[in-house]
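Enquirer: Below is one structure. I have some questions about it.
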Amino acid sequence: MIAILDYDAGNLKSVEKALGFLGEESIITRDRREVAKADKLILPGVGSFGAAMRQLKKYEIDKMLKEAAEDGKPLLGICLGLQLLFDGSEECPDEEGLHLLGGRILKIPAKEGLKIPHIGWNSLQFSQNGRLFQDADPQTYVYFVHSYYLKADDPEIVTASTHASVESGSLFACQFHPEKSGAAGLRILANFAGIQGGNG
C-alpha cells in the first residue's frame with residue numbers, strides 16, 4: 001500500500017490515478033495509523049513552500065515523514081514535495097524545510113528566452129544510476145511546472161539534471177511530475193513502487 005500524503009497542497013488525484021493504472025493500491029490520507037501501515041509514501045504538492053510547511057506541521061505530517069525516513073520507508077517527493085525535503089527555500093527564507101536532505105531551493109534566475117515559471121516538457125540527462133530510472137530511455141522527456149530549482153549540498157544524490165531528481169537511501173524526489181509524464185512517468189512510478197524499504 002502506498003500512502004499519498006494529504007496536506008491540502010493539491011495534485012493528489014492525478015497521482016492516485018496513475019498508481020491505479022499501474023495496479024498499485026494507494027490511499028490519500030493524513031491519518032497517522034494509515035501512514036504507519038503503508039509500505040511507501042508519496043509527498044506530492046504544488047504551491048508555496050512556506051504555506052506547505054505550515055500545513056505539514058498543522059497535520060503533524062512533518063513528524064510522520066521524519067519517522068518514515070528513520071525507518072527506511074521509501075518516500076517519493078514530487079515537485080513541491082521535493083523542495084520540502086531540503087533545508088529551506090529562497091521563496092520563504094524564514095520557513096525551514098524538513099532537513100531530510102541537505103540543500104536549498106533557489107529561484108530560477110531570469111534569462112533572455114527563458115520563461116519563468118518553467119512549464120512544459122523537457123528531457124532529463126542522467127548523472128547517476130538512479131533506481132527510479134531503471135529501463136528509462138537515455139533522454140527521457142517529462143513534464144515540469146516550477147519556478148525554483150534545487151542546489152543540493154551533496155551532488156552525488158542528484159540522479160538527473162537539471163537537479164530534477166535526487167536519491168539518497170530510501171528518499172527519492174523529482175522536480176517534474178511523473179504522474180503527468182505519460183509512459184515515461186508511469187515507468188518512474190512503477191520503479192518506485194517496486195523498491196524495497198527498511199533499514200534491516
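The values are calculated or read from the model by the stated rules, or taken from the named source; none is laboratory data. Here the structure is a predicted model, which means the values were calculated and not measured. When we count neighbours, we look across all protein chains shown, and the Cβ atoms used for this are built from the backbone with ideal geometry, even at glycine. Accessible surface areas use protein heavy atoms only, side chains included; no ligands, DNA or RNA. Shrake-Rupley method; radii C 1.70, N 1.55, O 1.52, S 1.80 Å.
Enquirer: When both residues are 6+ apart or on different chains and their Cβ atoms are under 7 Å apart, which pairs have a first residue that lies in the range 79-101 and is among the hydroxyl-bearing types (Ser, Thr, Tyr), and a second that is outside any loop (DSSP other than H, G, I, E, B)?
Expert: 89/49; 89/83; 89/104; 89/105; 89/148
Enquirer: A further question on this structure: Please go through (1) part of a helix (DSSP H, G or I); (2) under 20 Å from residue 171 (Cα atoms); (3) over 14 Å from the mean Cα position of the chain (by Cα); (4) not β-branched (Val, Ile, Thr) for residue 73 and return the number of the only condition it doesn't satisfy.
Expert: Residue 73 satisfies every listed condition except (1).
Enquirer: Shifting gears a bit: Which pairs turn up if I take residues in the range 30-42 that are under 17 Å from residue 66 (Cβ atoms) and look for partners that are basic (Lys, Arg) and part of a helix (DSSP H, G or I) with beta carbon separation below 9 Å, at least 6 apart in sequence or on another chain?
Expert: Cβ pairs passing all conditions: 32/63.
Enquirer: For the condition within 20 Å of residue 175 (Cβ to Cβ), out of contact with any Cys (no Cβ under 6 Å at 6 or more places or on another chain) and at pLDDT 95 or above, what is the one hit in 27, 4?
Expert: Sole residue among the options that is within 20 Å of residue 175 (Cβ to Cβ), out of contact with any Cys (no Cβ under 6 Å at 6 or more places or on another chain) and at pLDDT 95 or above: 4.
Enquirer: Can you pull out every residue in the range 170-195 that is surrounded by fewer than 20 Cβ atoms within 10 Å (Cβ to Cβ), farther than 16 Å from residue 26 by Cβ and under 14 Å from the mean Cα position of the chain (by Cα)?
Expert: 180
Enquirer: I'd like to know if the range 149-158 contains one or more residues that are of a type outside the set (Val, Ile, Thr), in contact with a helix residue (DSSP H, G or I) (Cβ under 8 Å, 6 or more places away or on another chain) and modelled with pLDDT of 80 or more.
Expert: Among the residues of the range 149-158, at least one is of a type outside the set (Val, Ile, Thr), in contact with a helix residue (DSSP H, G or I) (Cβ under 8 Å, 6 or more places away or on another chain) and modelled with pLDDT of 80 or more, which makes the answer yes.
Enquirer: For the range 33-51, name all the residues that are touching a Phe, Trp or Tyr at 6+ places or on another chain (Cβ under 9 Å) and at pLDDT below 95.
Expert: Those that are touching a Phe, Trp or Tyr at 6+ places or on another chain (Cβ under 9 Å) and at pLDDT below 95: 45, 49.
Enquirer: In addition: Counting only residues that are open to solvent by 30 Å² or more (accessible area, probe 1.4 Å) and either in a helix (DSSP H, G or I) or closer than 20 Å to residue 26 by Cβ (or both), how many does the range 40-68 have?
Expert: Selection size over the range 40-68: 10.
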